[in-house]
């Protein structure tokens, strides 16, 4: 009672990403450390509900840092910290990580490899092209989330 379905959450997240991606917002870089701590706590909590840490953080942080390299580094740092918080929360809840360690290790290694490749591409990409491609990819992701959410609500 009162809980949103997975389909509704997907559609809501897709809508949020779509709106924030194209909405003009003031740069959030003027926020001081306490503001970032509060923002981080809120986004960490919301990503535990939505489950889409990457797109959620990317859309928020893209509005904060005008330089793509600072944006990339900040996104990586924020996501690492959020994943550590989530890991601690799941450990406290009693989740057994042991059987999943090979998969976790593979995910970490492929994440590092993807970051390495992406960093090289990012350094060669002009800022304006990066911003356009980034917004287009976020839009496609958001539209797919909305599509899956609506399809799930229609079937369930």
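Only the coordinates and a few stated rules stand behind these numbers; no lab work does. Every value quoted in this text rests on a predicted model; they were computed, and no experiment measured them. Every residue, glycine among them, receives a Cβ derived from its backbone with ideal geometry; neighbour counts consider all protein chains shown.
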Subject >> Listed peptides 122-129, 17-24, 55-62 by packing density, highest first (mean Cβ within 10 Å) >> reply: 55-62, 17-24, 122-129
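At 222 nm, what helix-only mean residue ellipticity would the chain give, in deg cm²/dmol to the nearest 500, using -39500 (n - 2.57) for each DSSP H run of four or more?
Numbers: 6 runs with 123 residues, N = 156.
Helix contribution divided over all residues of the chain: -27000 deg cm²/dmol.
If we sort 113-120, 37-44 on the protection proxy, mean other Cβ atoms within 10 Å, highest first, what's the order?
Listed from highest to lowest mean packing, they are 37-44, 113-120.
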Original post:
For the stretch 6-155, what is the Kirkwood estimate of the hydrodynamic radius, computed as the reciprocal of the mean inverse distance between distinct Cα atoms, to one decimal in Å?
Top reply: 16.9 Å
**OP:** In a Gaussian network model over the chain where Cα atoms closer than 10 Å are linked, find which of 105, 77, 142 has the largest mean-square fluctuation.
**Re:** 105
